[in-house]
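A.B. asks: Structure provided below as structure tokens; questions to follow.
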Amino acid sequence: MGGGGQLTEPVETSACGGRAASVYTWDEVQKHCHRNDQWLVINRKVYNVTQWAKRHPGGLRVISHYAGEDATEAFLAFHPNPKLVQKFLKPLLIGELAVTEPSQDRNKNAAVVEDFQALRTRAEGLGLFQAQPLFFCLHLGHILLLELLAWMSVWLWGTGWSTTLLCSFLLAVAQAQAGWLQHDFGHLSVFKLSRWNHIFHKFIIGHLKGASGNWWNHRHFQHHAKPNVFSKDPDVNMLHVFVVGDIQPVEYGIKKIKYMPYHHQHQYFFLVGPPLLIPVYFHVQILRAMFSRRDWVDLAWSMSYYLRYFCCYAPFYGLLGSVALISFVRFLESHWFVWVTQMNHLPMNIDHEKQQDWLSMQLSATCNIEQSCFNDWFSGHLNFQIEHHLFPTMPRHNYQVLAPLVRALCEKHGIPYQEKTLWRGVADVVRSLKNSGDLWMDAYLHK
């Protein structure tokens, strides 16, 4: 189960199935950070999660990213009902931190951690973690209405070019908005009971979008746990197609790595990034589900989407025409998705693990897009990316209320809180790619 360690004095009370618990130092805990040896700390309690990590509902990797660290803030952020989850932790408890040890590991700012916890308590007191059912019902309703209008346009006016373009546009809007809605249920931010969130998540991402809920969860939770951290955030794993941030381009340049002409990546991004991400993403998910036993349920949900789609459009366009139509819809949706998601993260700090506290880590990797009714709808309220990353289980319609409180906390501790216009956010994506490409070119030629 991950091996033992050097202990200090034993504790009189026991919380580990009758065995005497022990106390540990941070130095001892930090040694257990390997794939087959994983300890972590939650509220000063030390847990051996080596075997449990494989059964973790959020995925093996997300819990492994905190091996050897204090995971208290991440634990509170991801679990709407931490008391319920405690029953899974009890068998894993092996001890606690020595009284001489600080509550935070490494260089985390204790004052920031304390004030952030106070902010969470205040947000709970204000009812900001309570969802408004009508908001999400209306959102689902407008998605279904868009799909109905798309089908009726073809049924009423035929398959001419103008009607097909209108149908494609309506379907792309529906798909993008369904993407934001499945995101809400995936983060358990709608229902109090996680089970209902999971059911609706499967329905929306599977039946309305044709994607895999399990794969989304396992990737997306990693992104939230360690945003913009190389080898831990899958969203910055660019598969050597791009180099991002200020560190990776120099590392590639020094090692003379040149899979692509990275000094032109801000130009070929328009040909590779937005057009292809969603189509490739969906095909990978389907193939993964086909060969993974635990994803067969997701595969069934995904197939229900394609069955419904071809039943609706094959009578009008034929099989090949329907494939061409959905490919064009994915092409349009991909542009929407990529620009919205990348403008909040790509221009920000991207680096290796720094073991920062939750507030500092999330603020260094995220920025906001200014609030407006259009921006809220267009981005699924991910224009409040900072608030979403700090409190991922909070219903998105409450971000606007929370934002001033977060900004005040950041000002108190001198942590930059960035907010941009929508157009500057788009421009910064290209600007950051060009800057990274220039850094790579300089290192490749001169270092």
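A.B. asks: Which of the residues belonging to the stretch 61-85 are touching a residue at least 40 places away in the same chain (Cβ under 8 Å) and hydrophobic (A, V, I, L, M, F, W, C)?
C.D. replies: Across the stretch 61-85, the qualifying residues are 62, 74, 76, 77, 78.
A.B. asks: Going by the conditions given, is residue 186 small (Gly, Ala, Ser), surrounded by 20 or more Cβ atoms within 10 Å (Cβ to Cβ) and modelled with pLDDT under 95?
C.D. replies: It is false that residue 186 is small (Gly, Ala, Ser), surrounded by 20 or more Cβ atoms within 10 Å (Cβ to Cβ) and modelled with pLDDT under 95.
A.B. asks: If you don't mind, another one. Filter the stretch 96-150 for residues that are open to solvent by 90 Å² or more (accessible area, probe 1.4 Å), closer than 25 Å to residue 388 by Cβ and of a type in the set (S, T, N, Q) and give the result.
C.D. replies: 130, 132
A.B. asks: What number of residues in the stretch 91-121 are of a type outside the set (A, V, I, L, M, F, W, C) and not in a loop (DSSP other than H, G, I, E, B)?
C.D. replies: Residues meeting the conditions: 8.
A.B. asks: Can you tell me which of 129, 75, 88 is under 30 Å from residue 408 (Cα atoms), in a helix (DSSP H, G or I), in contact with a helix residue (DSSP H, G or I) (Cβ under 9 Å, 6 or more places away or on another chain) and not hydroxyl-bearing (Ser, Thr, Tyr)?
C.D. replies: Only one candidate passes the filter, namely 75.
A.B. asks: While we're here: Does residue 124 qualify as being assigned to a helix (DSSP H, G or I) and not basic (Lys, Arg)?
C.D. replies: Here the answer is yes, as residue 124 does meet what is asked.
A.B. asks: Tell me which of these residue 231 doesn't satisfy, since it passes every other one: (1) in contact with a His (Cβ under 8 Å, 6 or more places away or on another chain); (2) open to solvent by 30 Å² or more (accessible area, probe 1.4 Å); (3) at pLDDT 95 or above.
C.D. replies: If we test residue 231 against (1) in contact with a His (Cβ under 8 Å, 6 or more places away or on another chain); (2) open to solvent by 30 Å² or more (accessible area, probe 1.4 Å); (3) at pLDDT 95 or above, just (3) comes out false.
A.B. asks: Scan the stretch 32-55 for residues that are among the small types (Gly, Ala, Ser) and more than 19 Å from residue 222 (Cα to Cα) and report the count.
C.D. replies: Selection size over the stretch 32-55: 0.
A.B. asks: Which one of the conditions (1) farther than 23 Å from residue 340 by Cβ; (2) open to solvent by less than 80 Å² (accessible area, probe 1.4 Å); (3) not in a helix (DSSP H, G or I) does residue 154 fail to meet, given that it meets all the rest?
C.D. replies: For residue 154, the exception is condition (3).
A.B. asks: Anything in the stretch 307-328 that is open to solvent by less than 40 Å² (accessible area, probe 1.4 Å) and either of a type in the set (Lys, Arg) or modelled with pLDDT under 95 (or both)? List them, or say none.
C.D. replies: Result: 326, single match.
A.B. asks: Can I ask one more? Which number in (1) under 20 Å from residue 185 (Cα atoms); (2) open to solvent by less than 10 Å² (accessible area, probe 1.4 Å) marks the one condition that residue 53 misses?
C.D. replies: Failing condition for residue 53: (1).
A.B. asks: Taking the stretch 238-269 on its own, how many of its residues are open to solvent by 50 Å² or more (accessible area, probe 1.4 Å) and at pLDDT below 90?
C.D. replies: Of the residues in the stretch 238-269, 1 are open to solvent by 50 Å² or more (accessible area, probe 1.4 Å) and at pLDDT below 90.
The values are calculated or read from the model by the stated rules, or taken from the named source; none is laboratory data. Just so we're clear, the structure is a prediction, and the values are computed from it rather than from any experiment. All Cβ positions, glycine included, derive from the backbone under ideal geometry; neighbour counts span all protein chains shown. Ligands, DNA and RNA are excluded from the accessible area calculation, which covers all protein heavy atoms including side chains. Shrake-Rupley method; radii C 1.70, N 1.55, O 1.52, S 1.80 Å.
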